[in-house]
1. Just report the Cα centroid separation between the range 193-210 and the range 121-135, whole Å.
2. Remind me, what semi-axes does the range 124-202 give for its equivalent ellipsoid, largest first in whole Å, using sqrt of 5 times each Cα gyration tensor eigenvalue?
3. Determine Rg/Rh for the range 84-241; Rg is computed over alpha-carbon atoms and Rh is the Kirkwood hydrodynamic estimate from the same atoms.
4. May I ask which residue of Asn76, Thr313, Pro183 lies farthest towards the positive end of the charge dipole of the chain, with charges of +1 (Lys, Arg) and -1 (Asp, Glu) on Cβ and the Cα centre as origin?
5. Taking amide hydrogens as modeled 1.01 Å from N in the peptide plane, which residues meet the under 5 Å criterion relative to Arg227, leaving out close sequence neighbours?
6. Give the residue list of GluC sites (Glu not before Pro) in the range 89-195 that are DSSP loop and have at most 10 other beta-carbon atoms within 10 angstrom.
7. Compute the normalised compactness of the range 156-281: alpha-carbon radius of gyration over 2.2 N^0.38 Å, N being the residue count.
8. Can you check how the C-alpha radius of gyration of the range 279-338 compares to 2.2 N^0.38 Å, as a plain ratio?
Amino acid sequence: MSMSRRNFLKTTLGVGIGAGMLGLGASLLPTTAAHAALTTREMYVFGTLVNLGAEGDTAQAQQALNTIEQRFLLMNRDWHAWKAGELSTLNSALAEGRSMAVSDDLASLLRGARDAAQASGDLFNPALGKLIALWDFQSDVQQRSAPPAAEEIAALCASAPRMSDLRIEIQADGCYMVSSRNPDVRIDLGGYAKGVALDWALDHLAAEDLHNAVVNLGGNLAIAGQRDGRPWHIGVRHPQGEGVIAAIDAQGREAVVTSGTYERYREWDGQRYPHIIDPRSGRPATHVVSATVIHADAAWADAAATALVVAGTQDWPEIAARMGITQVMVIDAEGGVGMTAVMAPRVSFVGARPARVEVV
């Protein structure tokens, strides 16, 4: 019997933060080493289980984690693509052809996502909200129904909504006004906002003098410093089964972000349709099932991981280079592994080595 995502994360990550082995959509490698006290927090937000941990004075860490929890709840409310909040209000305005004044936070988020989209050649494309909704991936419970009609998909592809269609203009009073040249633009920041949240959390912890910390948003993970004087030990989940395919040690400040097609999908007539949509075809991406990116900027890593899944097995190295990403591991639908030369020395395979491993 398969394990639900929530129970999987509770089983692995809750133990992992305390033990120093962190699940990145992964199960734990056992460890018995004693560690310095780590103040932890678990919450459910952004549609996933979130784990926070920080070494240091317990009272100070608890207060910092309280602040992060409250901030995450506000981010989730304001940046949700289809529930009441600032972003959904903006999407309604764009649908009606209206401009809307937005907060500084949302304007910054949109500008960052637009930059990442441009760098990826629009393979990362948060303007595809209308197409994502058409595939029924903007709902808490996906309905069992046939895929969208080919004509509907083709119409949205022909419209080609992109982040570059957005106008983000600052007014004389300092307010930002957002509008769109394309009436089919709908913003869905699911492949970017979690990375922004990770960066904000680590910034806040550092400001509170908590320099050894981890933030895990359902497999999107960022670490700072070390764990009791040793690197954080991260397990990358095998996308084709329950278990760990590889382990990576990380220290300093790094984000280790995985985007994959194996967690969220819909099924119809024996066919599985993953939630990551290729903007070129308007259909789910299927050739790369998992892309893991390591980068100092969690938001950029989040966007890049999505773009690399969409790019596919032949084109991901080119897109990684365009985005300035040097540390990548991708797994294709046949279980083959591709890695950049910078990533390869950091990856230790767990169990049987994949039959095909290519370093590019």
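1. 27
2. On the way: eigenvalues 149, 76, 18 Å².
Calculated on Cα positions only, the semi-axes equal 27, 20, 10 Å.
3. Working: Rg = 18.8 Å, Rh = 18.1 Å.
Checking Rg against Rh, the ratio lands at 1.04.
4. Thr313
5. Those qualifying (amide H under 5 Å, at least 5 residues apart or on another chain) are Trp232.
6. Values: sites: Glu96, Glu151, Glu152, Glu169; in loops: Glu96.
In loop regions of the range 89-195 (DSSP not H, G, I, E or B), the sparsely surrounded GluC sites (Glu not before Pro) are Glu96.
7. Details: Rg = 19.6 Å, N = 126, 2.2 N^0.38 = 13.8 Å.
Its radius of gyration relative to the 2.2 N^0.38 Å reference: 1.42.
8. On the way: Rg = 10.8 Å, N = 60, 2.2 N^0.38 = 10.4 Å.
My calculation over the Cα atoms of the range 279-338 gives 1.04.
The values are calculated or read from the model by the stated rules, or taken from the named source; none is laboratory data. Computed from a predicted model, the values in this text were never measured in an experiment. For neighbour counting, all protein chains shown are included, and Cβ atoms are generated from backbone atoms with ideal geometry for every residue, glycine included. What goes into the accessible areas is simple: the full protein's heavy atoms, side chains included, and nothing from ligands, DNA or RNA. Shrake-Rupley method; radii C 1.70, N 1.55, O 1.52, S 1.80 Å.
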